[in-house]
Amino acid sequence: MKIALMDSGIGLLAATAAVRRLRPDADLVLSLDPDGMPWGPRTPQDLTARAVAVAEAAAAHRPDALIVGCNTATVHALPALRARLEPGIPVIGTVPAIKPAAAGGGPVAIWATPATTGSPYQRGLIENYAGGVTVAEVPCWGLAEAVEHADETAIASAVAAAAALTPGDVTTVVLGCTHYELVADRIRTAVQRPGRPPLVLHGSAGAVAAQALRRIGAAPEPGTTDLGSVTVLLSGREGGLPQPALAYAEGRLLQTVTPAP
């Protein structure tokens, strides 16, 4: 079994780690775009072109499925990626976990990039899945970039700024950018209010990994002792994990596995 994941940077680590935990034996292809990152400020057309190139680099390794480990790329490029690769390679997008978060009753805060916050896409998800629940949209200025570079000072500052914008009665936070899942514990600590029930965080990585397995008809086997290979593509070139990835447990989980020859 071979699962490919794509993103401009290391935001794909959360979903990669989720796949690794469900199927340690799966070979992994991680396709990043250091030449074109960040994707967020790009026009939808430009972002789609970059995403298609990164996806095609991964597709050349003949994976059984491709996970788009990026919310922004899912919004803008998923139709083009599916048109290009399916039905041969199922393409699984990443959507903020607004539906399961709203099912808990709220109030809910959605932490997302400034470009996504207030966007028609996010507002549509709220309207479709969070009717009757109080939802606060929280722009997280600079957080994805800080996580990408493992800049501890910038991460602390960005998390504190977003926490200050989060209403005090929030019971649930949706992590609306895959990068944020890498610092989930820090977000929980910053938002948790004294005397309040434990904060619930909703990321997308686990659901996306499970959906990828469903799409290819594979069952989770977390107990297997076999370890699959890891191949890293950097704008199409084979390489290694970016050094900042190793600052996170999700990146270190992959460090012990040698790439396929």
10 Å binning of all Cα-Cα separations within the stretch 170-261, expressed as whole percents from 0 upward = 13, 31, 36, 16, 4, 0
Rounded to the nearest 10 Å², the accessible area of Tyr129 at probe 1.4 Å = 110 Å²
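Over the chain, calculate the relative contact order: mean separation of alpha carbon pairs under 8 Å at least 6 apart, over the residue count, as a percent. Before the final figure, lay out each step's value.
Working: 526 pairs, mean separation 72.7, N = 261.
Averaging sequence separation for qualifying contacts and normalising by length gives 28 percent for the chain.
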What share of Cα pairs, in percent, lie more than 14 angstrom apart in the stretch 37-99?
-> 53 percent
Rg(Cα)/(2.2 N^0.38 Å) for the chain, N = residue count = 0.96
Nearest 10 degrees, 0 to 90: helix 120-129 Cα axis against the chain principal axis = 70 degrees
List the residues whose amide H sits under 5 Å from the amide H of His202, counting only those 5 or more places along or on another chain, with H placed 1.01 Å from N in the peptide plane.
-> Val173, Val174, Leu175
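Ignoring ligands, DNA and RNA, what percent of the accessible area of the chain is carbon or sulfur (1.4 Å)?
Details: 6200 of 11220 Å².
In the chain, the share of accessible area belonging to carbon and sulfur is 55 percent.
Of all DSSP beta bridges located in the chain, what percent are antiparallel, nearest 5? Intermediate results must be reported in sequence, preceding the final value.
Numbers: 3 of 31 bridges.
Rounded to the nearest five, the antiparallel share is 10 percent.
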Taking Cα atoms only, helix 205-215 is inclined relative to the longest principal axis of the chain by an angle, in degrees rounded to 10, of 40 degrees
Please give the helix 13-22 orientation as an angle from the longest Cα principal axis of the chain, in degrees from 0 to 90, rounded to the nearest 10.
-> 70 degrees
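Work out the length of the dipole vector of the chain about its Cα centre, built from +1 on the beta-carbon of each Lys and Arg and -1 on the beta-carbon of each Asp and Glu, and round it to the nearest 20 debye. Don't skip to the end; give the middle numbers.
On the way: 19 positive and 22 negative charges, 99 e Å.
Using Cβ point charges on Lys, Arg, Asp and Glu, the chain gives about 480 debye.
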Distance in nm between label sites at Asn128 and Gln211, each 7 Å beyond Cα in the beta-carbon direction?
-> 1.0 nm
Zone residues, the stretch 180-194, relative to Ala156, backbone N less than 20 Å from point 7 Å out along Cα-to-Cβ = 180-193
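If Ile216, Ile98 are ordered by their accessible area, calculated over protein heavy atoms with a 1.4 Å probe, which sequence runs from highest to lowest?
Values: Ile216 50, Ile98 5 Å².
The ranking, largest first, comes out as Ile216, Ile98.
About the Cα centre of the stretch 155-261, what is the dipole size in debye to 20, counting +1 per Lys and Arg Cβ and -1 per Asp and Glu Cβ, all else neutral?
On the way: 8 positive and 7 negative charges, 49 e Å.
Once rounded to the nearest 20, the dipole reads 240 debye.
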Could you give the accessible area per residue of the stretch 136-261, probe 1.4 Å, as a whole number in Å²?
-> 49 Å²
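Just order 39-48, 133-142, 219-228 by mean Cβ neighbour count inside 10 Å, highest at the front, would you? Let's see the in-between values first.
On the way: 39-48: 15.3, 133-142: 18.7, 219-228: 11.2.
For the peptides 39-48, 133-142, 219-228, the packing ranking is 133-142, 39-48, 219-228.
In a shell of Cβ-Cβ distance under 15 Å around Gly203, excluding Gly203 itself, what net charge do Lys and Arg (+1) and Asp and Glu (-1) give?
On the way: positive: Arg21, Lys99, Arg186, Arg188; negative: Asp7, Glu181, Asp185, Glu250.
Charge balance near Gly203 sits at 0.
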How big, in percent, is the set of alpha carbon pairs in the stretch 86-163 lying more than 16 Å apart?
-> 58 percent
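Output the peptides 236-245, 201-210, 155-164 sorted from most to least packed, where packing is the average of other Cβ atoms within 10 Å over each peptide's residues. Write down the numbers at each step before the final one.
Numbers: 236-245: 15.3, 201-210: 22.2, 155-164: 17.5.
The peptides rank, most packed first, as 201-210, 155-164, 236-245.
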Based on DSSP H runs of at least 4 residues, each adding -39500 (n - 2.57), what is the mean residue ellipticity at 222 nm of the chain after dividing by all its residues, to the nearest 500 deg cm²/dmol?
-> -11500 deg cm²/dmol
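The values are calculated or read from the model by the stated rules, or taken from the named source; none is laboratory data. Here the structure is a predicted model, which is why all the values come from computation and not from measurement. Methodologically, a virtual Cβ is constructed for each residue, glycine included, from the backbone with ideal geometry; neighbour enumeration extends over all protein chains shown. The accessibility values were calculated without ligands, DNA or RNA, using every heavy atom of the protein model including side chains. Shrake-Rupley method; radii C 1.70, N 1.55, O 1.52, S 1.80 Å.
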